[in-house]
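Inspection log for the structure reproduced underneath, given as C-alpha cells.
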Amino acid sequence: MNARSLSAWHHSPKSDVAPSGTSRDAVSYRRPTAVWPAGESGLSGLEMTGWFGLMVPAGTPKDVIDKIYADVATVLKDPDMQAKLAAQGMTPVANTPEQFTKQIADELQQWGTIVKTRNLQVH
C-alpha cells in the first residue's frame, strides 16, 4: 500500500523547472510537458521513487493485517481520494502486504549494494 510521487517537480508552479526523466516505466502527463521514462534516456534499470506505506508491529495477526489492507485498498480506489492524491503528484498503489514486504526487501538490497559499492558513510 503506497503512493508514489512523480517528483518534487509537482511543487514548482513555474515551467522553468523540468526533470530529465522519471523512473516510472510509464510516461507522465501530469504536466503540460510530458516526462519520459529515464530508460529511454539510457538510464535503464533506474528505480528511485518516494513512497508512503503502512506498517504494523511484528506479530500482528494476519486477519488484522488483511482488514487494514482491504480498508486502505478501498479508500485508494475512491475517485475523490485518487483526485486528491493526483493533485499532489501521487499515484495510489494498493500493494498487498506481501508485495509491500518484497518492495522493501528489494530496496534494502538495491541501496545496500550502492552504499557498500560506493563506501558511503554517515558522518
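All of the numbers you see were taken from the coordinates with simple rules; none came from a lab. Worth saying up front: this structure is predicted, and the values here are computed from it rather than measured. FYI the Cβ positions are ideal-geometry reconstructions off the backbone, even for glycines, and counts take in every protein chain you see.
Annotations for the structure displayed:
- Neighbours by Cβ (under 8 Å, 6+ apart or cross-chain): first from region 53-66, surrounded by 10 or more Cβ atoms within 10 Å (Cβ to Cβ); second part of a loop (DSSP other than H, G, I, E, B): Gly53/Met1; Gly53/Asn95; Leu54/Met1; Val64/Val56; Ile65/Val56
- Top-ranked residue of region 79-119 - restricted to ones that are exposed (fewer than 11 other Cβ atoms within 10 Å of the Cβ) and of a type in the set (Gly, Ala, Ser), ranked as nearest to Pro61 (Cα to Cα): Ala105
- For region 52-84, a residue qualifies if it is of a type outside the set (A, V, I, L, M, F, W, C) and closer than 16 Å to Gln103 by Cβ, and the qualifying residues are Gly53, Tyr69.
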